[in-house]
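I have placed the structure first, in the form of C-alpha cells, so that the comments after it can refer back to it.
The values are calculated or read from the model by the stated rules, or taken from the named source; none is laboratory data. A quick note: this is a predicted structure, and the numbers were derived from the prediction, not measured. Reconstructed Cβ throughout: ideal geometry from the backbone, glycine too, with neighbour counts over all protein chains shown.
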Amino acid sequence: MSTINPSGKEIFSVTTDFCGRPLTLEVNRVGFRATASVLVTYGETVVLGTAMVGSRPVVLDYFPLSIDYEEKFYAAGKISGSRFIKREGRPSDEAILIGRLIDRPIRPLFPKGYRQEVQVVSSVLSLDPSFRPDAIAMIASSVALMLTGAPFDGPVSGLRVGRVDGEFKAFLTPAEREASDLDIVVAGIESGITMVEAGANEVSEEVIAEALAWAFEAYQPAIALQKQLVEKIAPVAQEYTLILPNAEIQAEVDLWVDGKLGEALRKAYPERNELVSTLRWAFHEEMSKKLGVDDYKALHDEYDEAFTSALHKDVRKGIVAHGLRPDGRKLDEVRQLSSEVSVLPRTHGSSLFARGLTQAMNIVTLAPLSFSQIVDTMEVTEGERRYMHHYNAPGFTVGEVRRLSGPGRREIGHGFLAERALLPVFPTAEEFPYAIRSVTEIMSQNGSTSMAATCSSCLALMDAGVPLKAPVSGIAMGLMVDGDNFYVLSDIADAEDFAGDMDFKVTGTEKGITAIQMDMKVHGLPVSTLGEALTKSKPGRAFILSHMLETLAGPREKLSQYAPRIEKIKINPDKIGAVIGKGGEVIKKITQETGAQIDIAEDGLITVAAVDTVAIEKALNWIKGLTEEPEVGTMYEGKVVSIKDFGAFVNIMPGIDGMVHISELANERIEKVTDVLTEGQIVKVKLIGIDDRGRLSLSIKAAKA
C-alpha cells in the first residue's frame, strides 16, 4: 500500500505473518520531523516507534543512548484510576521494566566509541487486551533505529513466550498467562540471542533451553520484515566518528603494565582492589612526570581508559590461558559465603547475606492485606501487589560520593528480578493473609547484588515466618568467548563482569528455576551455548542454597512479637453487606469496640488483624454471629421467641429462627409446650434438618442425648 503524506513523502507498509497474525510496519504517515518513525500494527495493538540521532558526537565518556517505553491510558480506553493525577507522568515500574527489556538487546549492537546522542521511544497508541504489547514495542524501536542510518547492527526482534499444557506459545491471553508455568522474553538478531528475561514455576534448565530455541525460530519473520522495509527505504548511512583509545597510547600503557598484572594482581578481594588502585595511582603519577603536568591533564582520561582496557585484557588472558580468575578462583568456584538472620531487633524479619565483598541486608514487614499496593497501569485495571520487593544501593556501596535520589532503572530492575525469583514459592492470601514488603539494602557491591538480594530476601522472609513453599537461591554467572571456545564463570565479580561477554543471573529452588536474566555484550550467541551455560549454573546455585539452609532451615513457625496477628474467615459473599452495614456502620462499630482492623475481599475472605489476640477473637465472634450459616448436626444456644400449640420457635443466630416440634422437646410425651418452655427462655438445641424451603428443624431432646 502506498500514498503521499502532507510532507510529500510516500507512505507505504510491509506485512508478514507473525505467530498467526499479520504484523505491519508503516512509514511516513506520522512523525515527519523525527530522524525516523514507524507505526507497527499487530492485531488491534498499534505502537509508534521514534528515533532521534544527534548530528555530532557529544563530549561524554559513555554512549548517550536512552530507550523508553510509554504507556498511554487512552490506548486501553482508560482514564487513570488515581484520584488526583489523570495524565501520564512518571512511568510505572512496569513501563520502566519494559523499557529495560527493549534497551538491553539493542545497546550492544552499536559500535564501541559511538558518541552521538540517540533517543528511542516506543509509545503504545492502541492496545489489544488479548496480549501484552512489549514485543511489538521492541520491534518498533528496532525498526526506527534501522531507518535512521545510524551504525546499528540490527534488526532486533523478540517474543514473550509461555508454556501451557506443555506447549510453547507467544502472545498469550491473560487466561493463558495465568495457566502458564513459564514467562520468558527472548530477544536477539538473525544470528543469535542477545537478551533473555524469565520467570518460571520451578521449571528445569532443559525446558528453558527448549523455550530459547522455540522463540529464536519464532521471531525470525519479524527480522526478515524489518530487512525488507529497510531495503525499500534505503536510508542514507550517517557519518560519524568513533571516540576510541589512541592506539599509540594503548601500546604505551600495555608496555608499562607488562609484568605488573597477572599473578601480581591475582589476589582475593578487597586486596586486589587496593592493589589495582595503588597501581593506577602510580601509573598516572609516572605518566604525569613523563609528559608534564599541564600536558598530561588533557590526556589523563585517555590514559586512564587505556589502563582500564589493559586490566580487562589481563582478566581475559588469565581465564583463557590459565583457567584462573582475577582473585585466584577456579572457574566454577564461589566466593566465601556468610549469612545471619534476626539481625535487627524490632523488625518482623531480617537477614544479612554476603558473597565475597557483596553484602545485602534485607528487612521484611508484614501488614494486613489492605496495605497491598494498587496497580494502575495501561494494561492492568484495579490490580494489587501483595508482595513487594524494593532494592536500594546508595553511593557508599561502591565507594563513591553520590547524591541520594529516588530509585533509578537499575534499582527497579534489580528489585523486580529478586521479587520475581520468590513469587512462585509464595503462599496464597488464603494460606497467609498478609501484605508483605521486602526491602534489600545493599551494604557493599562487588558483583551480583541482585542475586545477593534474592538470597537475603529469602532468608528474611523465612525469618519473618512467611511459609514459603521452598527456599530460593540465586547466582550470577559470566561467559567469555575466545574464538570457538567459551568459558563459563560461576559467581562473577565486577572485574569479570566488565571484561566478559555475557552475564546471566539464575534463581531457583532445589526443584527448578524461578527466574533468569541474561545480557550479552557480544552480537548474539547460539542457543546451544546459552543452554550449556545455563546448565553449569545449577551446581553453584545448589551450593549457595545449602549454605542458606545451614543458617535457617525453613520458615519460622511463630511470627515476631511485633508483627500483627491476622486471622481469616471465609463467608458467603452475599453476607458481606451484613458485616459492613448501612453506610459502614456495622464494621465501624466492630473496629471501634474491638480495636481490630478488618479487611473484606469481594470473594468473602475477611481478615482480622491486631497485636492483641483477644481483640481478634472478639471481632471474629462478632462477624460469625452476623454471617454464620446454620449447619445440620451443630449444637446452638438460642432464645425461645414464640410458642405455638405444635412447638416453639428458637432464635439461634441473628435473624435466623428454627422450630422445635413438640415431639422434639423431650424423650417423654409432652402435652403442652408451655409445660416445659416459656418465651425468653435460653435453651440448647441441635439442628436436625433443613427443608427445601430453607426452614430449620431443631431438637432439644437430641441436644441432651
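Just one of (1) part of a helix (DSSP H, G or I); (2) surrounded by fewer than 23 Cβ atoms within 10 Å (Cβ to Cβ); (3) modelled with pLDDT of 95 or more fails for Asn201. It is (1). For region 578-609, a residue qualifies if it is touching a residue at least 24 places away in the same chain (Cβ under 8 Å), within 21 Å of Ala563 (Cα to Cα) and not β-branched (Val, Ile, Thr), and the qualifying residues are Gln597, Asp599, Leu605, Ala609.
Looking across region 526-546, the residues that are crowded, with 17+ Cβ neighbours inside 10 Å and either touching a Ser or Thr at 6+ places or on another chain (Cβ under 8 Å) or of a type in the set (Lys, Arg) (or both) come down to Lys536, Ser537, Gly540, Arg541, Ile544, Leu545. Residues of region 394-421 being under 24 Å from Ala95 (Cβ atoms), under 21 Å from the mean Cα position of the chain (by Cα) and either among the hydrophobic types (A, V, I, L, M, F, W, C) or outside any helix (DSSP H, G or I) (or both), which ones? Across region 394-421, the qualifying residues are Gly406, Pro407, Gly408, Ile412, Phe416, Leu417, Ala418, Ala421.
Results for (1) modelled with pLDDT of 90 or more; (2) of a type outside the set (A, V, I, L, M, F, W, C), shown as yes or no for each residue.
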{"site": "Asn621", "(1), (2)": "no, yes"}
{"site": "Gly625", "(1), (2)": "no, yes"}
{"site": "Lys639", "(1), (2)": "yes, yes"}
{"site": "Phe646", "(1), (2)": "yes, no"}
{"site": "Ile652", "(1), (2)": "no, no"}
{"site": "Asp657", "(1), (2)": "yes, yes"}
{"site": "Ser663", "(1), (2)": "yes, yes"}
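In the condition set (1) assigned to a helix (DSSP H, G or I); (2) touching a residue at least 24 places away in the same chain (Cβ under 8 Å); (3) surrounded by fewer than 19 Cβ atoms within 10 Å (Cβ to Cβ), Lys290 is compliant with all but (2). Of Lys505, Lys511, Lys469, all but one fail to be part of a loop (DSSP other than H, G, I, E, B) and within 19 Å of Glu532 (Cα to Cα); the exception is Lys511.
Considering only residues that are without any contact (Cβ under 8 Å) to a residue 40 or more places away in the chain, surrounded by 15 or more Cβ atoms within 10 Å (Cβ to Cβ) and closer than 23 Å to Ile576 by Cβ, which ones fall in region 629-667? Scanning region 629-667 gives Asn651, Met653, Asp657.
Results for (1) of a type in the set (A, V, I, L, M); (2) in the same structural domain as Phe171 (by TED's automatic domain parsing); (3) under 16 Å from Val118 (Cβ atoms), shown as yes or no for each residue.
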| position | (1), (2), (3) |
| --- | --- |
| Phe12 | no, yes, no |
| Phe18 | no, yes, no |
| Val30 | yes, yes, no |
| Ala36 | yes, yes, yes |
| Val47 | yes, yes, no |
| Met52 | yes, yes, yes |
| Asp68 | no, yes, yes |
| Phe73 | no, yes, no |
| Ala76 | yes, yes, no |
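Any residue that is basic (Lys, Arg), modelled with pLDDT of 90 or more, farther than 30 Å from Glu117 by Cα and in a helix (DSSP H, G or I) - is there at least one of those in region 230-242? No, region 230-242 contains no residue that is basic (Lys, Arg), modelled with pLDDT of 90 or more, farther than 30 Å from Glu117 by Cα and in a helix (DSSP H, G or I).
Of the listed requirements (1) at pLDDT below 90; (2) closer than 25 Å to Glu629 by Cβ; (3) buried (at least 19 other Cβ atoms within 10 Å of the Cβ), Ala610 misses just one: (2).
I'd like to check something: does region 424-433 contain any residue that is part of a strand (DSSP E or B), of a type in the set (Phe, Trp, Tyr) and in contact (Cβ under 8 Å) with a residue 24 or more places away in the chain? No; the residues of region 424-433 include none that is part of a strand (DSSP E or B), of a type in the set (Phe, Trp, Tyr) and in contact (Cβ under 8 Å) with a residue 24 or more places away in the chain. Inside region 448-466, can you point out the residues that are surrounded by 24 or more Cβ atoms within 10 Å (Cβ to Cβ) and in a loop (DSSP other than H, G, I, E, B)? Listed by number, the residues that qualify are Ser448, Ala464, Val466.
So which strands (runs of 3 or more DSSP E) are wholly in region 1-96 and hold at least 2 residues that are surrounded by 15 or more Cβ atoms within 10 Å (Cβ to Cβ)?
10-18, 21-27, 36-42, 45-57, 65-70
Being of a type outside the set (A, V, I, L, M, F, W, C) and touching a helix residue (DSSP H, G or I) at 6+ places or on another chain (Cβ under 6 Å) is the filter; apply it to region 665-684 and report the residue that is nearest to Ala705 (Cα to Cα). Ranking the qualifying residues of region 665-684, first place goes to Asn667. Within region 365-386, the set of residues being in contact with an Asp or Glu (Cβ under 7 Å, 6 or more places away or on another chain) and assigned to a strand (DSSP E or B) comprises Gln373, Ile374, Val375. Met477 falls short on exactly one of the conditions (1) buried (at least 24 other Cβ atoms within 10 Å of the Cβ); (2) among the hydrophobic types (A, V, I, L, M, F, W, C); (3) in contact with a helix residue (DSSP H, G or I) (Cβ under 7 Å, 6 or more places away or on another chain); (4) within 23 Å of Pro555 (Cβ to Cβ), and that condition is (4). Consider region 389-423 and keep the residues that are farther than 24 Å from Val341 by Cα and in contact (Cβ under 8 Å) with a residue 60 or more places away in the chain. The one that is surrounded by the fewest Cβ atoms within 10 Å (Cβ to Cβ) is Arg409.
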